[in-house]
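Remarks on the structure that follows.
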Amino acid sequence: MRAGFVLAGGRSSRMGRDKALLPLGDSTLVEQVAARIRAATGNVTLIGPPERYGGLGHPVAGDLVEGCGPLGGVYTALSITSADWNLVVACDMPGLTVEFLERLLAAGEAAGLDCLVPQTSSGLEPLCAVYHRRCLAAAKAAILHKAFKMHDFVSGLRCKTWPLSDPSPLENINTPEEWSAR
């Protein structure tokens, strides 16, 4: 069984406004990413403030532990999932495709470890990765120790990297300049 989650609870401080709600096509950035995840997994849940995203037509779960950054979102996703394999993706990756996400999930399941994280020449991308639900205990421990960096979190897991020669699906949008250059 698979589940899909979109992390949308960030402050968007570099963007200056909620980047999840930026217009993209006939909807928003978060809705486009959520649609692709739903197509790849069969379901999607947004992790972020329900008062902000509750009207988008997707299930929304607020962070169970506030102030932990993306790790708090991963922890929330792993706390509420009933699926073994969980695709967790940040809301700011407009280049993702259903095919890319399906290949990522299949590779994660085939690896049979705790997680599968894409790797490009720029490094690891733990905010578009596949996590087994058994990572919940490690996420909880990291939060209790205030070790919020995602790279540190995945380095403590039985993790496999997924090398990519083309990083374009993982390019994220953080600033108005990046958004307008798109």
Task: Filtered residues of region 139-164 (kept if loosely packed, with under 13 Cβ neighbours inside 10 Å and touching a residue at least 24 places away in the same chain (Cβ under 8 Å)) - done: His151, Pro163
- [ ] Among the residues of region 28-55, write down those that are surrounded by fewer than 17 Cβ atoms within 10 Å (Cβ to Cβ), over 21 Å from Glu102 (Cβ atoms) and of a type outside the set (Asp, Glu).
- [x] Pro49, Pro50, Gly54, Gly55
Task: Looking only at region 170-182, and only at residues there that are surrounded by 13 or more Cβ atoms within 10 Å (Cβ to Cβ) and not in a loop (DSSP other than H, G, I, E, B), the one that is modelled with the lowest pLDDT - done: Pro176
TODO: Could you identify the single residue in Pro126, Pro163, Pro167 that is touching a His at 6+ places or on another chain (Cβ under 8 Å) and either modelled with pLDDT of 90 or more or of a type in the set (S, T, N, Q) (or both)?
DONE: Pro126
Task: Hits in region 125-154 - residues which are under 13 Å from the mean Cα position of the chain (by Cα) and either more than 18 Å from Ser79 (Cα to Cα) or not aliphatic (A, V, I, L, M) (or both) - done: Glu125, Pro126, Cys128, Tyr131
Open item on the list: Looking for something free of Cβ contacts under 8 Å to residues at least 12 places away in the same chain and on the phi < 0 side of the Ramachandran plot - is there at least one such residue anywhere in region 76-97?
Closed with: no
- [ ] Say whether the condition of being without any contact (Cβ under 8 Å) to a residue 12 or more places away in the chain, over 18 Å from Tyr131 (Cα atoms) and not in a loop (DSSP other than H, G, I, E, B) is met by at least one residue in region 36-54.
- [x] yes
Open item on the list: Out of everything in region 64-123 that is part of a helix (DSSP H, G or I) and of a type in the set (Phe, Trp, Tyr), what residue ends up being nearest to Ser180 (Cα to Cα)?
Closed with: Phe100
Task: Residue tally, condition modelled with pLDDT under 85 and buried (at least 23 other Cβ atoms within 10 Å of the Cβ), over region 2-19 - done: 1
- [ ] Can you tell me which residue within region 124-138, out of those that are part of a helix (DSSP H, G or I) and touching a residue at least 12 places away in the same chain (Cβ under 8 Å), is nearest to Gly156 (Cα to Cα)?
- [x] Ala138
- [ ] Check whether at least one residue in region 81-90 is among the charged types (D, E, K, R), buried (at least 16 other Cβ atoms within 10 Å of the Cβ) and over 15 Å from the mean Cα position of the chain (by Cα), and report yes or no.
- [x] no
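The values are calculated or read from the model by the stated rules, or taken from the named source; none is laboratory data. Every value quoted in this text rests on a predicted model; they were computed, and no experiment measured them. Glycine also receives a Cβ, built like all others from the backbone with ideal geometry; neighbour counts cover every protein chain displayed.
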